[in-house]
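Scroll down for the structure; my scribbles are underneath it.
Readers should treat all values here as calculations from the given coordinates under stated rules, not as data from a laboratory. Everything numeric here is computed off the predicted structure, so don't read it as measured data. Backbone-built Cβ (ideal geometry, glycine too); neighbour counts: all protein chains shown.
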Protein chains: 4
Amino acid sequence: MIRVTIWNENRHEKRNPKVTAIYPEGIHGALKQGLEAYGFDARTAVLDEPEHGLTDEVLAATDVLVWWGHLAHGEVEDAVVEKVQKRVLDGMGLIVLHSGHFSKIFKKLMGTTCDLKWREANDKERLWVINHSHPIMEGVGEYVEIDAEEMYGEPFDIPTPDELLMVSWFSGGEVFRSAVTYRRGFGKIFYFRPGHETYPTYHNAQVVRIIANGVKWAAPALHDPRKFGNARALEAGVE
Amino acid sequence: MIRVTIWNENRHEKRNPKVTAIYPEGIHGALKQGLEAYGFDARTAVLDEPEHGLTDEVLAATDVLVWWGHLAHGEVEDAVVEKVQKRVLDGMGLIVLHSGHFSKIFKKLMGTTCDLKWREANDKERLWVINHSHPIMEGVGEYVEIDAEEMYGEPFDIPTPDELLMVSWFSGGEVFRSAVTYRRGFGKIFYFRPGHETYPTYHNAQVVRIIANGVKWAAPALHDPRKFGNARALEAGVE
Amino acid sequence: MIRVTIWNENRHEKRNPKVTAIYPEGIHGALKQGLEAYGFDARTAVLDEPEHGLTDEVLAATDVLVWWGHLAHGEVEDAVVEKVQKRVLDGMGLIVLHSGHFSKIFKKLMGTTCDLKWREANDKERLWVINHSHPIMEGVGEYVEIDAEEMYGEPFDIPTPDELLMVSWFSGGEVFRSAVTYRRGFGKIFYFRPGHETYPTYHNAQVVRIIANGVKWAAPALHDPRKFGNARALEAGVE
Amino acid sequence: MIRVTIWNENRHEKRNPKVTAIYPEGIHGALKQGLEAYGFDARTAVLDEPEHGLTDEVLAATDVLVWWGHLAHGEVEDAVVEKVQKRVLDGMGLIVLHSGHFSKIFKKLMGTTCDLKWREANDKERLWVINHSHPIMEGVGEYVEIDAEEMYGEPFDIPTPDELLMVSWFSGGEVFRSAVTYRRGFGKIFYFRPGHETYPTYHNAQVVRIIANGVKWAAPALHDPRKFGNARALEAGVE
């Protein structure tokens, strides 16, 4: 059983009644419920817990970490970010959602600014599938339509993705690479765009399905350790 | 005329007579001479200069930065590393040589450990061309052979390269992705493996040619600025 | 001076007065004029010429071949297609425009159906730049807008591109990978979407600039021959 | 249960007693036995059967096709090759082994010559893992060593792989991209180098494990059909 930890900043939910109404249990609560329906062992962690809820024990017991943040990226302690990065490079999966594009952990793993265009104007979003045979796209159909969302537009300052799975169309005139994957060390990373806090996006069954597919894909593979450092010659004849 | 700044740690040259004998002007001096023969406007900068020789003025006047470091990665100030990263993302080319794989700037741009296998045992190295039509491979032929070099072996913990140009064969039994490229922001990055300080590798004409080709490739393209942030809708009908 | 041959089916121009009015010299004539302004040595070839105008002499004297076809893909002789494929694998650049996605030569080089969605309904098209530092994108700005064009939509059944340069937004609700590159053998291939015959797209200065940039990028590099076949061992000790 | 069809030319086994001694049931027989141990529903097909054993019924009942050929690529009927290509593009997995690099089906799907260097001289081969978290590499360790094999060396004239999994080192001095993947249409393709007929390579447990992992990876995903062709506008306002 895949062990998922859903990390949420959990600030909008406390400050903005509109968000509270949509996510009474928080974005993390909604995602927990959605992912448990897929049979995962899901737990949550939030910014205001000690060590942001991401203790060594929690990280060691996490196969895939889901990350949502927005207002308070700067409050996430560097020491925690470094521990998460190390766990990803050692094999933990990481799913970064929406405004998590600007989180310390995503920027640290990408090496770029991760900047983009945005607009809060109830754009219609249509996420078209580009890579139809990828496991994260199973059961998704041709596209996912969301009636109203925040717009994210290109340029999206990320490294060339290992795989491009979906491209979003927005009614206001923009496009965006909205589902992309990376391998870093032993870890697999999936960035997925939708999920502005003022829309009920994480109650959308297709959105949750894609995140669940992402969890399955990002779960660690069985693998032998890599060996770095000084190595003896395998062949004779070397001095 | 492309403006190249060659940055060198310049420590082995001062401590190890064997290295001094090979590079009496330092590795940076040898590279400066080699690259000037290709018509570049080359200057050097070393660790022990103020701001490591990488002042705002120098960086602003640099099209492509070449980086060699080994013993003293930890002495490079974080503030300088951040300035260099910003310049790369804004369009400055970066060529990272040999043990620069463990430099702060390379690790920061890659997001991974950049670890690898190594052995100092006079391995023969043969760098086979994989991508024959790439501009960095112009005039290289089928492979470059170096009689004796330090071995670097897989696993090499880097992100999937945008382009794989060469793979090294070592007589001791290993292989290595020894010439790889990345785009990060507006900047182009070229990692090139050879160049252990105790071998006269940067006097090898083929090695210098590849670095020179890399400089030409990594020089900034003319481009319009990208626009990030809040954007008005281009189409009507969005609220 | 780069030698460009612009190949055109040249059927719509003869049958449809609307097309004749837009392209009195044919699509090939318009492209010839546009590309000559960039300093290329441009010539044309059309379907109804002997060997479709692509004799051994013409192909041998062509650095980059530009291809436009639509109605009559089936009339292109297989022997000519095979010669063109061989020339591409030997280093000739190939730029495939618009409905050329269904040409024999493109399908043969891709190995897939190259099928897609389409609609002739005066959609507005906005081509957003994804890869801002690529030479084909020089001087293009953030996006190119075309007031009315045929729509092409995903899924586009092509291999994963080596590089994704632009993604199109269409007012009717679709997206499309509209500028993509491939390396095949020594040859470089650029597919560029716009250019339905009933719109004056090839009179658009930005569209012509991108094609011209593509010609420069696809022009053959200087390279040594690759050696295939039975090879003697470079190292001793092999039986 | 994944249904595998192992296709073999089956000519060396009939003509060369050395090969018969290694593979008394044919290469297809050895692979069938090896793959059945992984729980697949395996069947075989050979060149000299009617329709080469690849009838519509067989192809329709095949999830993953494994292909070994060498002497008689030219005898495979084009009509069968076209049917196999169509099935791959519709989702059937394809694993191409060793000298299958020159098969009609592989060349048709790749669009290139697929040429390479080779030598029959009992080279030692060491296949190093490059992509450690890929499912095809599960349980493989750092590398697979084969005491004696035919050498295949770069240049290997294939399209840029979607994923590079292993690089081979040969004692005679060459390297080779020996495990690569592609997505074409809905189908997944895995090329795996080892397996010259005069060596007992397909009795090597690690080699068989990688092929078995490849079968699991290449098995068709559940997916909805793609829709090509004329499409109505999803948004209003288009003429």
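Observations on the structure shown:
- Karplus-derived 3J(HN,Hα), 6.51/-1.76/1.60, for each residue of the stretch C:117-122, Hz, glycine and proline x: 8, 8, 7, 9, 8, 6
- On Cα atoms only, tilt of D:78-89 relative to the major axis of chain D in degrees: 70
- Each Cα pair under 8 Å and six or more residues apart adds its separation to the average, and for the stretch C:5-81 the resulting relative contact order is 43 percent.
- Integer Hz, Karplus 6.51/-1.76/1.60 couplings in order for the stretch D:139-155, x for Gly and Pro: x, 8, x, 7, 7, 10, 10, 10, 4, 8, 8, 5, 8, 10, x, 5, x
- Inter-label distance, nm, simple model (7 Å from Cα along the C-beta direction), A:Lys108/D:Asp90: 5.0
- Every helix of 4 or more DSSP H residues in chain C counts as -39500 (n - 2.57), and over all residues that averages to -7000 deg cm²/dmol at 222 nm.
- Here the Debye sum runs over all C-alpha atoms of the stretch B:118-239 as equal scatterers in vacuum, and log10 of I(q)/I(0) at q = 0.12, 0.18, 0.22 Å⁻¹ comes out as -0.51, -0.95, -1.31.
- 0 to 90° range, to nearest 10: angle between helix A:26-36 axis and chain A longest Cα axis: 60
- Cβ-based net charge around A:Val46, under 13 Å, with every Lys or Arg adding one and every Asp or Glu removing one: -3
- Summing Lys and Arg as +1 and Asp and Glu as -1 over all other residues whose Cβ lies under 13 Å from the Cβ of A:Glu163 gives a net charge of +2.
- Cα-centre dipole for the stretch B:72-162 with unit charges at Cβ (Lys and Arg positive, Asp and Glu negative), debye to 20: 360
- Taking D:Met92, D:Met1 and counting other C-beta atoms within 10 Å, the order from fewest to most: D:Met1, D:Met92
- Scanning residues 5 or more positions from B:Glu163 or on other chains, those with amide H under 5 Å from its amide H are B:Thr181, with H placed 1.01 Å from N in the peptide plane.
- Taking label positions 7 Å along the Cα-Cβ direction at both A:Leu71 and A:Leu222, the computed distance is 4.6 nm, reported to one decimal.
- Using C-alpha pairs below 8 Å separated by at least 6 residues, the relative contact order for the stretch C:170-227 is 27 percent.
- Taking a sphere under 13 Å around the Cβ of D:Gly74 and counting the other residues whose Cβ falls inside, with K and R at +1 and D and E at -1, yields a net charge of -1.
- Partner lysines whose Cα lies under 20 Å from the Cα of D:Lys107, excluding those fewer than 8 positions away in the same chain, are identified as C:Lys83, C:Lys86, C:Lys104, C:Lys107, C:Lys108, C:Lys188, C:Lys227, D:Lys83, D:Lys86, D:Lys117, D:Lys188.
- Kirkwood-Stokes translational diffusion coefficient of the protein assembly as shown, alpha-carbon pairs, 20 °C, 1.002 mPa s, µm²/s: 73
- Shielding value for B:114-127 is 4, the average number of Cβ atoms from other chains within 10 Å of each residue's Cβ.
- Relative contact order [Cα under 8 Å, 6+ residues apart], the stretch D:118-185, whole percent: 37
- Shape category assigned to the stretch C:116-162 from the gyration tensor of Cα positions, a/c cut at 1.5: oblate
- Taking the C-alpha atoms only, the angle from helix A:205-218 to the longest principal axis of chain A is near 10 degrees.
- Calculated on the Cα set of chain C, radius of gyration then Dmax: 18.4, 73 Å.
- Between D:Glu51 and C:Glu51, the modelled labels are 4.0 nm apart [label points 7 Å from Cα along Cα→Cβ].
- Prolate/oblate/rounded call for the stretch B:1-52, Cα gyration tensor, a/c under 1.5 rounded: oblate
- Residue-averaged beta-carbon neighbours from other chains (10 angstrom radius) around C:163-171: 6
- Residues whose placed amide H lies under 5 Å from that of B:Asn122, excluding near-sequence neighbours: B:Glu149
- Inter-copy label distances at C:Ala61 (7 Å, Cα→Cβ; nm, one decimal): 4.9, 6.0, 7.7
- Radius of gyration and maximum dimension Dmax of the stretch A:31-134, Cα, Å: 15.2, 41
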